[in-house]
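One structure below.
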Amino acid sequence: MITLKDIINRKFNKTFRGYDPVEVHYFLEMMGEEFKKMETKIRDFEQIDIEFRKIDGTTPGQILAGATEKAAQIVIDAERVATEALQGAKREKDKIDKTITNLKFEREKIIHSFKQIVKKQNDIIQTYAFQEGDISFKDDLGEQNSDEEY
C-alpha cells in the first residue's frame, strides 16, 4: 500500500528533456495532501463502522436488509388494511343499497294505500252527494261529471 510518505519522498531521475522538477514536486505535494485527507476519512469511517458493530453487532448491509424486510412487511400490512377497509365499505354500501330499495318499495306501498284511501273517500263523497240530490260531482281527475253518465 502506498503511504503519504511514499508520495512526498518519491524522487525521479532527471533527464535532459524530462518534466520540470518543480512542477512534479508541487503535484506530488498536492497528491500527498489529498491522500492524507482520504486516509483520515477512511479511518473515520472505519471507526464509525466499528462503533455500529459494537452497538448491535450488525453490519450496514444487515441493517439495510432488515430495513428492506421491515418496509416489505409494512407494505403487506397496509395492503391488508386497505383490502379490509374496502370490503367493509362495500358491505356498508350494499346495506345502504338494500335499505334504499326497501324504502322505495315502502314508498310505493304508501302511495298505493293513499290512492286507495282517496278513491274510497271520493266514492263516499259521491255516494253522499248523490243521496243529497246533487247530481254533479268531480271525478278522480277533477273533471265535472253528472250522475247521468253513471
Original post:
Would you say E29 is under 28 Å from T59 (Cβ atoms), within 60 Å of the chain's Cα centre (by Cα) and surrounded by 11 or more Cβ atoms within 10 Å (Cβ to Cβ)?
Top reply: no
Original post:
Considering K36, K14, which residue is surrounded by fewer than 10 Cβ atoms within 10 Å (Cβ to Cβ), in contact with a helix residue (DSSP H, G or I) (Cβ under 7 Å, 6 or more places away or on another chain) and not polar (S, T, N, Q)?
Top reply: K14
Original post:
Which one of these is loosely packed, with under 11 Cβ neighbours inside 10 Å and among the aliphatic types (A, V, I, L, M): I55, I48, I7?
Top reply: I55
Original post:
Residues I55, I8, I50: which one is touching a Leu at 6+ places or on another chain (Cβ under 8 Å) and part of a helix (DSSP H, G or I)?
Top reply: I8
Subject >> I124 being surrounded by fewer than 10 Cβ atoms within 10 Å (Cβ to Cβ) and either among the aliphatic types (A, V, I, L, M) or closer than 30 Å to L4 by Cβ (or both) >> reply: no
Original post:
Does F12 count as in contact (Cβ under 8 Å) with a residue 12 or more places away in the chain and among the aromatic types (F, W, Y)?
Top reply: yes
**OP:** Run down G61, G32, G18 and say which single residue is closer than 30 Å to I7 by Cα, among the small types (G, A, S) and in a helix (DSSP H, G or I).
**Re:** G32
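Where a number appears in this text, it was derived from the coordinates with a stated rule and is not lab data. Every value quoted in this text rests on a predicted model; they were computed, and no experiment measured them. FYI the Cβ positions are ideal-geometry reconstructions off the backbone, even for glycines, and counts take in every protein chain you see.
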